[in-house]
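The structure appears below as structure tokens.
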Amino acid sequence: MMEGKSKNTSSRSFPRWAYIVFAVLAVLFLWRTYLQKKNASGAAQPPPRPVAVAKVTTKDVPLYLDEIGTCAAYETVQVQAQVGGQIAARHFQDGADVKKGDLLFTIDPRPFQAALDQAKAQAALDQATLKRQEDLRARKVISPQDYDIAVANAQKSQAAAEAAQVNLDYCYIKSPINGRIGLRNFDIGNLVGPTSPSLVTIQGLDPIYTDFTVAEPDLPLVRRYLGGPNVKVETKSEDDNVPARTGELYFIDNAVQPGVGTVKARAVTPNPDRALWPSQFVRVRLILDILREAKLVPSGAVQIGQNGPYVFVVKPDSTLDLRPVKPGQRQDDLMVVSDGLKPGETVVVSGQLQLAPGTKVVAQPIETPSDSSSAASNASLN
């Protein structure tokens with residue numbers, strides 16, 4: 001009896017409600033643990049980062065070499081006196097534009113006019129003598145020798161008259177080319193002659209030469225495209241208000257300059273506004289070919305990592321993909337990407353140091369230079 005009573009007492013030491021309370025507490029503990037893990041996982045994932053993005057565009061762009069050059073006059077003439085005499089008049093202003101045939105100086109023509117008149121008189125006399133000799137010869141009155149002398153005298157006097165006319169014409173010194181005249185070296189009253197220094201210098205400025213050099217390592221690339229239909233030379237001055245102008249490659253030297261490692265080259269550049277001047281430093285772009293439908297991204301999109309150049313591509317789910325690329329030449333604010341991207345893909349333009357592959361982002365498109373130029377061209381067409 002005592003054993004049965006003790007067994008019954010031990011079985012009732014944990015009432016049913018205690019089990020219920022324990023189960024409820026266990027459920028609450030598990031629920032709290034779940035909430036803590038959820039909050040911890042939510043805190044581990046930062047919110048999407050806002051990034052500036054742009055589309056991969058396509059456009060025809062030049063393949064080029066950038067150099068520094070200088071301009072040179074297309075024509076340079078040292079105006080010289082052909083006859084001796086005193087300068088009687090000057091017909092130009094220093095630094096003025098002149099045309100071919102414009103009168104520049106007048107040398108006192110009176111001595112040469114007198115010489116011409118004398119030569120013409122002698123020529124007229126000899127011609128009259130020759131006419132009489134021809135009549136006498138027809139009647140066989142004179143000997144052939146006398147007739148030959150008359151012919152020679154007439155020709156000699158005619159040549160003397162023509163020479164005197166040339167000397168008189170030399171008194172009126174005219175511009176041999178179109179161009180801009182420099183500072184004169186002689187004034188009215190000075191005696192000049194064929195041995196005197198030049199009277200003035202005239203330089204032709206339209207077109208104008210653009211002289212530059214090509215580095216020896218670039219010669220294989222230049223030779224590959226030399227003579228091609230797309231070879232041009234673009235010349236731009238330091239003044240941003242002066243538009244660049246495109247000319248033709250006129251000359252490239254046949255030897256590398258010793259000790260310098262460059263090859264001389266020259267282009268003929270249109271210069272109708274006289275914005276380019278001889279000896280002026282200019283920026284030169286030698287365009288070798290046109291890259292058709294080249295893929296372009298803003299320059300800031302291309303980054304350099306341990307494995308080389310790369311860009312961040314925004315995938316359709318707004319996460320990032322790190323994409324190795326093969327960049328090409330810069331095109332103003334854009335850069336050619338020859339491999340690694342497809343047209344129309346979206347790339348990150350700024351803030352790459354804070355990003356990683358798989359990061360979720362909020363894309364904020366920016367206007368690329370190609371977009372603005374297209375909008376401007378459409379506006380001009382409308």
| field | Using a Förster distance of 35 Å, the FRET efficiency for ARG283-LYS100 (Cβ separation, nearest 0.05) | value | 0.65
| query | With the chain treated as a Gaussian network of Cα nodes joined by springs under 10 Å, which of LYS156, LYS140, LYS99 yields the largest mean-square fluctuation? | reply | LYS140
| request: Please tell me which of these pairs span more than 21 angstrom C-alpha to C-alpha: LYS55/LYS232; LYS236/LYS295; LYS131/LYS156; LYS55/LYS360? | output: LYS55/LYS232; LYS236/LYS295
| task | Using a Förster distance of 45 angstrom, determine the FRET efficiency expected from the C-beta separation of ASP206 and VAL362, and round it to 0.05. | result | 0.20
| request: Return the ratio Rg/(2.2 N^0.38 Å) for the stretch 118-181, where Rg is computed over Cα atoms only. | output: 1.72
| message | Under a crude label model (7 Å from the Cα following the beta-carbon direction), how far is LEU191 from ARG224 in nanometres? | response | 6.8 nm
| Residue with peak Gaussian network fluctuation, the chain [Cα springs, cutoff 10 Å], from GLU162, GLU248, GLU134 | GLU134
| query | Measuring from centroid to centroid over Cα atoms, what is the spacing of the stretch 254-302 and the stretch 94-131 in Å? | reply | 50 Å
| In order through the stretch 295-300: 3J(HN,Hα) via Karplus (6.51 cos²θ - 1.76 cosθ + 1.60), integer Hz, x for Gly, Pro | 7, 10, 9, x, 4, x
| request: Once you have the Cα-Cα distance between GLN145 and GLN303, take 0.36 nm times their residue separation minus that, and quote the gain in nm to one decimal. | output: 46.9 nm
| query | How many nm is it between the label spots at ASP108 and LYS174, if each spot is 7 Å from the Cα in line with the beta carbon? | reply | 2.5 nm
| aspartates and glutamates with Cα under 19 Å of LYS120, excluding same-chain neighbours fewer than 8 positions away | GLU162, ASP169
| field | Length released on extending from PHE29 to GLN118, taking residue separation times 0.36 nm less the Cα-Cα span | value | 18.4 nm
| query | What FRET efficiency comes out for the pair GLU75/ILE290, r = Cβ-Cβ distance, R0 = 25 Å, nearest 0.05? | reply | 0.20
| task | Quote to one decimal, in nm, the extra length available between ALA88 and VAL166 on full extension: 0.36 nm per residue of separation minus the C-alpha distance between them. | result | 26.3 nm
| request: Note the listed values (1) 5, 25, 36, 25, 7, 1, 0; (2) 4, 13, 13, 13, 11, 9, 8, 7, 5, 4, 3, 2, 2, 1, 1, 1, 1, 0, 0, 0; (3) 5, 23, 32, 24, 12, 4, 0, then indicate which one is P(r) over Cα pairs in 10 Å bins from 0, in percent calculated from this particular structure. | output: (2)
| said: Using amide H atoms built in the peptide plane, which far-off residues or other-chain residues are under 5 Å from GLN280 H to H? | reply: CYS71
| Value of relative contact order over the chain, rounded to a whole percent, pairs C-alpha under 8 Å and six or more apart | 25 percent
| query | When the Karplus curve 6.51 cos²θ - 1.76 cosθ + 1.60 is applied with θ = phi - 60°, which whole-Hz ³J(HN,Hα) does each residue of the stretch 99-113 get, with x for Gly and Pro? | reply | 10, 4, x, 5, 6, 10, 10, 10, 8, 3, x, 4, x, 6, 5
| note | Under a Gaussian network model of the chain whose springs join Cα atoms within less than 10 Å, the largest fluctuation of ARG139, ARG274, ARG49 belongs to ARG139
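The numbers here are math on the coordinates, done by the rules we state, and not lab data. If you're wondering where the values come from, they're calculated on a predicted model, not measured in any experiment. Ideal geometry is used to build each Cβ from the backbone, glycine not excepted, and the neighbour counts take in all protein chains shown.
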